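Chemist: Have a look at the structure that comes next, please.
Nothing in this text is a laboratory measurement; each read-out follows from the coordinates by a stated rule. In this text the structure is predicted, and so the values were computed from the model without any measurement. FYI the Cβ positions are ideal-geometry reconstructions off the backbone, even for glycines, and counts take in every protein chain you see.
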Amino acid sequence: MKSGIFIASILLLVGCASQGQTVPAVIDKDAVIEPVIEQNAAGEASIMTNPALKSYREEYVNATEHKAFAQSESGAWSWKSNRTSIGYAIDNALIGCQRNNRRYEEEYPCKIINIDGVWAKEH
């Protein structure tokens, strides 16, 4: 039974390697693997978690101006609105996101993805 699982794992890794993804050289059976999503999408499609997307659609979109939405490739996110300037909205959203992303901030830093309803790639 264990050899069957091992073979299935190897086949899965080989399949991943054929798709251009990196495969770890050593597999630690006790390691905890954290999902990290590579962000290539734009607009709403760039929001990586369902809670973040729900908050964006139901609250952020209708929030007052001087607002910013920050997100990390780890999935952490935060947004702030009703600030006295765009600069404060950006700073506050990044601080909130970084608090939610402490474990991964060095490797996957929070970035602003939306300012006052305009997507970052549109700036």
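Chemist: Go through segment 93-103 residue by residue and turn each phi into a ³J(HN,Hα) via Karplus (6.51, -1.76, 1.60, θ = phi - 60°); whole Hz please, and just put x for glycine and proline.
Modeler: Whole-Hz 3J(HN,Hα) from phi for segment 93-103: 5, 5, 4, x, 5, 4, 4, 7, 10, 3, 5.
Chemist: Under the rule a/c < 1.5 gives rounded, and otherwise a/b versus b/c splits prolate from oblate, where does segment 62-123 land using the Cα gyration tensor?
Modeler: Prolate.
Chemist: Let a ≥ b ≥ c be the square roots of the eigenvalues of the Cα gyration tensor of segment 55-96; is it rounded (a/c under 1.5), or, if not, prolate (a/b larger than b/c) or oblate?
Modeler: Oblate, because a/c is 1.5 or more while a/b does not exceed b/c.
Chemist: Still on this structure, I have one more. Given the peptides 104-113, 45-54, arrange them by the average over their residues of other C-beta atoms within 10 Å, most packed first.
Modeler: Averaged packing, sorted descending, gives the order 104-113, 45-54.
Chemist: Which of the peptides 94-100, 55-61 is most tightly packed, and how do the rest follow, going by the mean number of other Cβ atoms within 10 Å of each residue?
Modeler: With the highest mean Cβ count within 10 Å placed first, the list reads 94-100, 55-61.
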